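The values are calculated or read from the model by the stated rules, or taken from the named source; none is laboratory data. As the structure is a prediction and not an experimental result, all values here were calculated from the model. Every residue, glycine as well, gets a Cβ built from its backbone with ideal geometry; the counts of neighbours run over all protein chains shown. All accessible areas refer to the heavy atoms of the entire protein, side chains included, with ligands and DNA or RNA removed. Shrake-Rupley method; radii C 1.70, N 1.55, O 1.52, S 1.80 Å.
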Amino acid sequence: MKDYEIYSLGDVVLQSGEKLPQAFLAYKTYGALNSTKSNVIVYPTWFAGQHTDNEWLIGPGKALDPDKFFIIVPNMFGNGLSSSPSNTPAPFDRANFPLITIYDNVRLQHQLITEKFGITKIALVVGWSLGALQTFQWGTSYPEMVERIAPFGGTAKTRPHAQVVFEGLIAALQADSNWKEGFYTHQPVAGLAAMGRAYAPWGFSQAYYLEQLYQVEGYSTLKAYLEDYWDQVFLSFDANDLIAMLRTGINGDISANPQDNRNFEQALNKITAHALVMPGSTDLFFPSEDNAYEVKHMSNAVFRSIESKWGHCFGIGQNEQDSLVIDNHLKQFLKSARAEN
């Protein structure tokens, strides 16, 4: 039995100009919408994540408390639940699936939130990694609607270095002889494992490996960690779905739209919501200095680095210490919002 709902979007014209017939968003809600519809939090998913992967930050007594807030978790396109290469009928299936940008994701999430629920104000948009990129996009695309944003472990634009890493992940997957240009009959398992190995040094920091922090996760040696975790981590995903999400990330840029025409600073200036920007101090995908630059161009932004040895994965909910710090910062952020109102 599915623990999520589907919202049909009909035939969608994407930012690229391509049409995606009978598109749909998978989403899950937590808590109840209050009578004034003023308690809404939007929490988009991230690369290779689904709504259940966001649940570590949701719960009674936490910042994202379903007893206080109505939390909507829309699944990113390409993640296997929302429209994806693996669940879209021909001729847009598999390797024929069109590029869906961050702009597309947020525009269609907005359609869900306004048309399905009649919501006109969002108290907070929060997200990690590519979810953070969606969070920034919400802030610049709908400044009159979004009161607060809290992106963590992600930037408002994918810089060239991260683009190169994402391209490398795709190349590792496609090197499998079973890839067959994306029209495989069996999942390219060797490619999926190779992609995991290629991701491993970027997901965590140098200190994480040097200090053997993977032992906390139950892996006694580096060899066991690589083989038993990273070689397996992407095997539950469809290869084309992973590539679709990586391509979304490669093209991530909140200014890549007709209004801003890639004027990045202009797009940042449009974010008038109060913003809490939380990079990880050892994040190799999205370095904190990139967030520091972005915050300088946002009128109501606070920069707060999270000191962690867990690299990019400080925001994945696996390290309790990091999770508590993120949750506490969000609690204070929301508390200050209530005090101002």
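The table that follows gives values for the structure above.
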{"read-out": "Accessible area of the chain belonging to carbon and sulfur atoms, whole % at 1.4 Å probe", "value": "51 percent"}
{"read-out": "Magnitude of the charge dipole, region 183-252, Cβ model with Lys/Arg +1 and Asp/Glu -1, debye to 20", "value": "200 debye"}
{"read-out": "Stokes-Einstein D (µm²/s) once Rh is taken as the Kirkwood radius of region 1-153 over alpha-carbon pairs, at 20 °C in 1.002 mPa s", "value": "138 µm²/s"}
{"read-out": "Violating pairs (Cα-Cα greater than 25 angstrom) within the set K68/K121; K28/K68; K19/K270; K121/K331; K62/K223", "value": "K19/K270; K62/K223"}
{"read-out": "Spin-label model distance (nm) - A190 vs V302, 7 Å beyond Cα toward Cβ", "value": "5.2 nm"}
{"read-out": "Relative contact order (percent, whole number), region 150-199, Cα cutoff 8 Å, 6+ residue spacing", "value": "34 percent"}
{"read-out": "By average C-beta atoms within 10 angstrom, highest first, the peptides 96-109, 178-191", "value": "96-109, 178-191"}
{"read-out": "Burial ranking of peptide ranges 21-32, 66-77 (average Cβ count within 10 Å, highest at the top)", "value": "66-77, 21-32"}
{"read-out": "Tensor-based shape of region 262-341 (alpha-carbon gyration tensor, a/c under 1.5 rounded, otherwise prolate or oblate)", "value": "oblate"}
{"read-out": "Helical segments meeting 27 Å axial Cα length and Kyte-Doolittle -1.0 threshold in the chain (DSSP H)", "value": "320-340"}
{"read-out": "Most to least accessible of S16, S84, S35 (protein chains only, probe 1.4 Å)", "value": "S35, S16, S84"}
{"read-out": "Among [x] 83, 54, 46; [y] 58, 49, 43; [z] 80, 44, 40, the entry that matches Cα extents along the principal axes in Å as calculated here", "value": "[y]"}
{"read-out": "Formal net charge of residues neighbouring G280 (Cβ-Cβ distance under 14 Å; K, R +1; D, E -1)", "value": "-3"}
{"read-out": "Rounded if a/c under 1.5, otherwise prolate or oblate - region 135-254, Cα gyration tensor axes", "value": "oblate"}
{"read-out": "The chain - percent relative contact order, Cα under 8 Å, separation 6 or more", "value": "18 percent"}
{"read-out": "Net charge over other residues, Cβ less than 11 angstrom from the Cβ of N251 (K, R count +1; D, E count -1)", "value": "0"}
